[in-house]
Amino acid sequence: MSRVIALANQKGGTGKTTTAVNLGIGLAKQGNKVLLVDADAQGNLTDSLGYQEPDNLPISLATVLTKIMMEEPYEPDEGILHHAEGVDLMPGNIELSAIEVSLVNTMSRETILRTYINTVKDKYDYVLIDCMPSLGMMTINALAAADSVIIPVQAHYLPAKGMTQLLQTIARVRRQINPRLTIDGVLLTMVDNRTNFAKDISFVLRRDYGDKVRVFQTEIPLSIRAAETSAQGKSIYAFDPHGIAAKAYQAFTKEVLEIGEKQRKRQHQTHLSR
Ligand SMILES: Nc1ncnc2c1ncn2[C@@H]1O[C@H](COP(=O)(O)OP(=O)(O)O)[C@@H](O)[C@H]1O
Ligand SMILES: [Mg+2]
């Protein structure tokens with residue numbers, strides 16, 4: 001049983017990509033087979049994993065999505081790259097912005113990415129989709145393909161308005177395209193514990209949204225080392241194994257694994273009671 005998780009927030013710079021890398025590699029370190037999917041035309045995830053010129057890659061997510069739209073055949077492992085720290089990557093690049101446009105006139109335009117993920121996910125325990133900073137077609141596709149969503153929120157800003165919009169979009173996708181979509185939770189990132197402001201944000205989030213979504217126990221601290229990691233092509237565990245960000249991402253990975261376990265048990269029980 002594989003679990004497909006989308007990392008989404010229409011705001012840029014909230015830690016989606018950093019979380020995709022370090023949750024993905026964290027899960028792989030715990031013995032899981034993991035595929036990371038770069039669904040952002042900026043290709044930051046691809047870049048962060050060491051492919052510094054994502055736009056020059058011969059095959060990327062856009063290539064296979066185009067084939068699916070054109071009903072052309074493709075190999076199940078087409079374009080998938082292997083990272084030294086044990087995760088696979090379906091790279092993404094600028095070509096995704098053209099896809100975003102052509103999707104509008106495509107049949108089943110919300111489910112093209114789901115069609116792709118469904119053909120590869122059986123080989124993995126976890127598939128993580130790193131979303132664009134928008135609520136456009138690619139993000140809708142990611143939500144349609146996912147079992148659950150993790151929402152990284154940067155602790156510097158009050159996320160109130162954007163958060164409501166994102167929750168509404170998730171609810172709409174659930175009603176119209178993907179009824180089994182759940183929200184795993186909100187992850188606070190870049191938390192500066194020296195300020196009261198971070199504590200206030202955490203408090204306000206739990207107060208205003210706590211009844212609708214889980215706010216993860218783990219908070220990712222602000223860390224220069226974390227910011228430097230993306231240029232290294234590796235995870236925080238490889239770059240700064242004893243630092244605060246590595247510890248936090250390890251604890252967060254554990255929380256995500258626990259949610260996965262609970263969901264598996266629940267599915268198993270419903271299965272038995274049928
Ligand atoms: N815990 C952290 N502490 C400091 N800087 C961080 C941290 N996490 C991410 N960053 C940096 O913040 C920027 C935005 O993070 P990123 O993961 O790319 O966000 P998004 O994918 O949501 O746009 C990047 O430059 C990244 O290196
Ligand atoms: Mg990103």
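A compact table of results
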item: Residue pairs meeting the criteria (Cβ under 9 Å; at least 6 apart or on separate chains; first more than 12 Å from G26 (Cβ to Cβ) and basic (K, R), in the stretch 231-259; second at pLDDT 95 or above and surrounded by 22 or more Cβ atoms within 10 Å (Cβ to Cβ)); result: K234/V21; K234/I25; K234/S48; K234/L49
item: Unique residue being farther than 12 Å from G15 by Cβ and not in a helix (DSSP H, G or I) when the list is R194, R172; result: R194
item: Selected residue (only one of L113, L89 is closer than 28 Å to Q176 by Cβ and buried (at least 21 other Cβ atoms within 10 Å of the Cβ)); result: L113
item: Pick from the stretch 1-49, criterion basic (K, R) and touching a Pro at 6+ places or on another chain (Cβ under 7 Å), ranking: nearest to K262 (Cα to Cα); result: K16
item: Filter pass, L23 being more than 10 Å from ligand 2 (Cβ to nearest atom) and either within 27 Å of K265 (Cα to Cα) or in contact with a Phe, Trp or Tyr (Cβ under 9 Å, 6 or more places away or on another chain) (or both); result: yes
item: Scope the stretch 18-57; condition outside any helix (DSSP H, G or I), of a type in the set (G, A, S) and away from ligand 1 (no atom under 16 Å from the Cβ); matching residues; result: G31
item: Scope the stretch 113-158; condition away from ligand 2 (no atom under 16 Å from the Cβ), more than 14 Å from the chain's Cα centre (by Cα) and not in a helix (DSSP H, G or I); matching residues; result: Y124, D125, A155, H156, Y157, L158
item: Qualifying residue in the stretch 201-220 (condition: assigned to a helix (DSSP H, G or I), more than 15 Å from P152 (Cα to Cα) and within 16 Å of ligand 2 (Cβ to nearest atom)); result: no
item: Selected residue [within 15 Å of ligand 1 (Cβ to nearest atom), closer than 30 Å to S97 by Cα and either in contact (Cβ under 8 Å) with a residue 40 or more places away in the chain or out of contact with any Pro (no Cβ under 7 Å at 6 or more places or on another chain) (or both)] from Q154, Q176; result: Q154
item: Subset of the stretch 221-242 (residues that are assigned to a loop (DSSP other than H, G, I, E, B), among the small types (G, A, S) and under 29 Å from I183 (Cβ atoms)); result: S223, S235
item: Subset of the stretch 92-110 [hydroxyl-bearing (S, T, Y) and either assigned to a loop (DSSP other than H, G, I, E, B) or surrounded by 23 or more Cβ atoms within 10 Å (Cβ to Cβ) (or both)]; result: T106, S108
item: Filter result for A8 (farther than 11 Å from L89 by Cα, within 12 Å of ligand 2 (Cβ to nearest atom) and at pLDDT 95 or above); result: yes
item: Residues (among the polar types (S, T, N, Q), more than 10 Å from ligand 1 (Cβ to nearest atom) and more than 19 Å from Q168 (Cβ to Cβ)) located in the stretch 179-230; result: N193, T195, N196, S202, Q217, T218
item: So A251, is it surrounded by 13 or more Cβ atoms within 10 Å (Cβ to Cβ), under 20 Å from I151 (Cβ atoms) and touching a strand residue (DSSP E or B) at 6+ places or on another chain (Cβ under 9 Å); result: no
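For every residue, the table says whether it meets (1) closer than 18 Å to A238 by Cα; (2) buried (at least 24 other Cβ atoms within 10 Å of the Cβ); (3) of a type outside the set (G, A, S); (4) without any contact (Cβ under 8 Å) to a residue 12 or more places away in the chain.
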site	(1), (2), (3), (4)
A8	no, yes, no, no
K29	yes, no, yes, no
L35	no, no, yes, no
T66	no, no, yes, no
P76	no, no, yes, no
H83	yes, no, yes, no
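The values are calculated or read from the model by the stated rules, or taken from the named source; none is laboratory data. Since we're looking at a predicted model, the values are computed, not measured. Neighbour counts run over all protein chains shown; Cβ positions are idealised from the backbone, glycine included.
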